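The structure appears right after this line, and notes come after that.
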Amino acid sequence: MPVFTLIHQWVQRRRAIRRRWQVDAHQLLKADEVNAYYEAQRRVARARHRGDRDEFYHWAKVAAEVARISSLAEMDLDLVLQIADEEEARSV
């Protein structure tokens, strides 16, 4: 397989991954813009506690995208830590 084809396939996979987290970020914002960041962080914590590395990275990217595009989304670190603790307690 030519190198160009491999590079092209890799770029296409990366674009699909990027589109997925952008779409998920927009869906969370549409559902509840103020709490979208917290919901993404909740999903980050769930994936981490399940040991699902791919989903962990995905939802971390979604949270970052929410923070990047929304001026209304709340982002309180203490609340994020509380969410992580709650998700950890649920998984035990």
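In terms of the Cα gyration tensor, with a ≥ b ≥ c the square roots of its eigenvalues, is the stretch 3-91 rounded because a/c is under 1.5, prolate because a/b exceeds b/c, or oblate? Oblate, because a/c is 1.5 or more while a/b does not exceed b/c.
Estimated at 0.36 nm per residue, the fully extended path between Arg13 and Leu79 surpasses their Cα-Cα distance by 20.4 nm. Coupling constants for the stretch 12-18 follow from the phi torsions by the Karplus curve (6.51 cos²θ - 1.76 cosθ + 1.60, θ = phi - 60°), and in residue order they are 5, 5, 4, 5, 5, 4, 4 Hz; glycine and proline get x. Based on DSSP H runs of at least 4 residues, each adding -39500 (n - 2.57), what is the mean residue ellipticity at 222 nm of the chain after dividing by all its residues, to the nearest 500 deg cm²/dmol? About -28000 deg cm²/dmol.
About its Cα centre, the chain has a charge dipole of approximately 780 debye under the convention of +1 per Lys or Arg Cβ and -1 per Asp or Glu Cβ, with nothing else charged.
In sequence order, the stretch 46-56 has phi-based couplings of 4, 5, 5, 6, 7, x, 8, 4, 4, 5, 4 Hz under the Karplus curve 6.51 cos²θ - 1.76 cosθ + 1.60, θ = phi - 60°, and Gly or Pro positions carry x. Rounded to whole numbers, the Karplus 3J(HN,Hα) couplings from phi for the stretch 71-79 are 8, 9, 5, 7, 9, 9, 4, 4, 5 Hz, using 6.51 cos²θ - 1.76 cosθ + 1.60 with θ = phi - 60°, and x at Gly and Pro.
Computed on the stretch 3-91, with alpha-carbon pairs under 8 angstrom and 6+ residues apart, the relative contact order is 33 percent.
Using Cβ counts within 10 Å as a stand-in for footprinting exposure, how do Ser91, Ser70 rank, fewest first?
Neighbour counts put them in this order, fewest first: Ser91, Ser70.
We did not get these values from a lab; they are worked out from the coordinates using the rules stated. Just so you know, these numbers come straight off a predicted model, no measurement behind them. Using ideal geometry, Cβ is built from the backbone for each residue, glycine included, and neighbour counts are taken over all protein chains shown.
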